1. Can you name every residue in the range 179-203 that is among the small types (Gly, Ala, Ser) and either within 17 Å of Gly8 (Cα to Cα) or out of contact with any Lys or Arg (no Cβ under 8 Å at 6 or more places or on another chain) (or both)?
2. Please specify each residue of the range 22-38 satisfying the condition of being assigned to a helix (DSSP H, G or I) and either surrounded by 14 or more Cβ atoms within 10 Å (Cβ to Cβ) or within 15 Å of the ligand (Cβ to nearest atom) (or both).
3. For residues that are surrounded by 10 or more Cβ atoms within 10 Å (Cβ to Cβ), outside any helix (DSSP H, G or I) and at pLDDT 95 or above, scanning just the range 218-238, find the one that is nearest to the chain's Cα centre (by Cα).
4. Given (1) away from the ligand (no atom under 14 Å from the Cβ); (2) farther than 23 Å from Ile153 by Cα; (3) in contact (Cβ under 8 Å) with a residue 40 or more places away in the chain; (4) surrounded by 14 or more Cβ atoms within 10 Å (Cβ to Cβ), where does Arg19 come up short, assuming only one miss?
5. Just the residues that are in a loop (DSSP other than H, G, I, E, B) and within 16 Å of the ligand (Cβ to nearest atom), please, taken from the range 161-181.
6. Which one of these does Leu208 not meet: (1) within 14 Å of the chain's Cα centre (by Cα); (2) farther than 20 Å from Ser10 by Cβ?
7. Please state which one of Leu78, Leu41 is free of Cβ contacts under 8 Å to residues at least 60 places away in the same chain, surrounded by 19 or more Cβ atoms within 10 Å (Cβ to Cβ) and under 24 Å from Ser131 (Cα atoms).
8. In the range 182-202, what count of residues is obtained for those that are free of Cβ contacts under 8 Å to residues at least 40 places away in the same chain and either basic (Lys, Arg) or crowded, with 18+ Cβ neighbours inside 10 Å (or both)?
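The values are calculated or read from the model by the stated rules, or taken from the named source; none is laboratory data. Values in this document were obtained by computation on a predicted structure and should not be read as measured data. So basically every Cβ, Gly included, is an ideal-geometry build from the backbone, and we count neighbours across all protein chains shown.
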Amino acid sequence: MKRAIVLGASSGIGQGVARELVKEGYRVGITGRRTELLEKLKAENPENYIFQTFDITDITTSVNHLKELVDKMGGLDLLLINSGTGHRNEALDFEVEKPAILTNVLGFTAIADWAFNYFREKEKGQIAVVSSVAGIRGMRFAPAYGASKAYQINYMQALRNKARNLNLPIVISDIRPGFVDTAMAQGEGIFWVASVEKAARQIVSSLLREDEIIYVSRRWRGMAQLIRLIPRFLYEKI
Ligand SMILES: NC(=O)c1ccc[n+]([C@@H]2O[C@H](COP(=O)([O-])OP(=O)(O)OC[C@H]3O[C@@H](n4cnc5c(N)ncnc54)[C@H](OP(=O)(O)O)[C@@H]3O)[C@@H](O)[C@H]2O)c1
């Protein structure tokens, strides 16, 4: 039986992906800070879920929690780093920026580094992150969120280079959603909003194909290209 861990599976995209992976026959490790939601997901299929509660921003303990979960699962084939946060912050209040930096940058990096070294030793495996189309170009209304997602995109590219350079068959997948209907995607100005179920199905089929750059829903690939191509003088007026 293949084994996957989904970090941040207590709600939203991560929960949907965990369910899809179970449908695909995976044993799935699920994590997050909200134990009661992890327990609820496990109750849907107690044989195939195993959970561990931890906060990825606590980098003194996060890797140990992850190791413990991997041990309980008897090994790991796929790790999805989906835990993430971010808020609109027109006022540039640092307290609003901080959770995005701690979660999407600090917490993410500690986990990604451990996972790469784990799979390096095994000489195979797959690491995926849920970054965002928001990481393509700076965003005035949520600067830390956009920048933290750009960091993840860049970091995954670095890990991909590293795997190729070491001649290791470690697959590095970067999932870049546009908008998905979750607690995080609220407010005005959102469009092309995918349901969690649709997003999860697309993510899992792409991960199983070992795709490296994954847009969800698929039409966001064209939008990401457009965002890149808008001349700077125009982009800065948006
Ligand atoms: N929804 C969108 O439109 C959209 C678009 C692009 C990218 N994304 C990305 O998709 C990912 C999932 O977000 P979502 O939309 O599904 O929202 P969500 O329902 O709020 O899910 C966020 C998940 O991350 C976990 N998490 C957050 N902070 C954590 C921490 N410090 N330690 C451990 N787990 C933590 C949460 O679990 P606990 O609260 O239980 O800890 C939850 O399971 C995020 O990385 C987000 O940036 C979302």
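1. Listed by number, the residues that qualify are Ala183, Ala185, Gly189, Ala194, Ser195, Ala199, Ala200.
2. Scanning the range 22-38 gives Val22, Thr35, Glu36, Leu37, Leu38.
3. Across the range 218-238, the extreme among qualifying residues is Arg218.
4. (1)
5. Those that are in a loop (DSSP other than H, G, I, E, B) and within 16 Å of the ligand (Cβ to nearest atom): Gly178, Asp181.
6. (1)
7. Leu41
8. Of the residues in the range 182-202, 3 are free of Cβ contacts under 8 Å to residues at least 40 places away in the same chain and either basic (Lys, Arg) or crowded, with 18+ Cβ neighbours inside 10 Å (or both).
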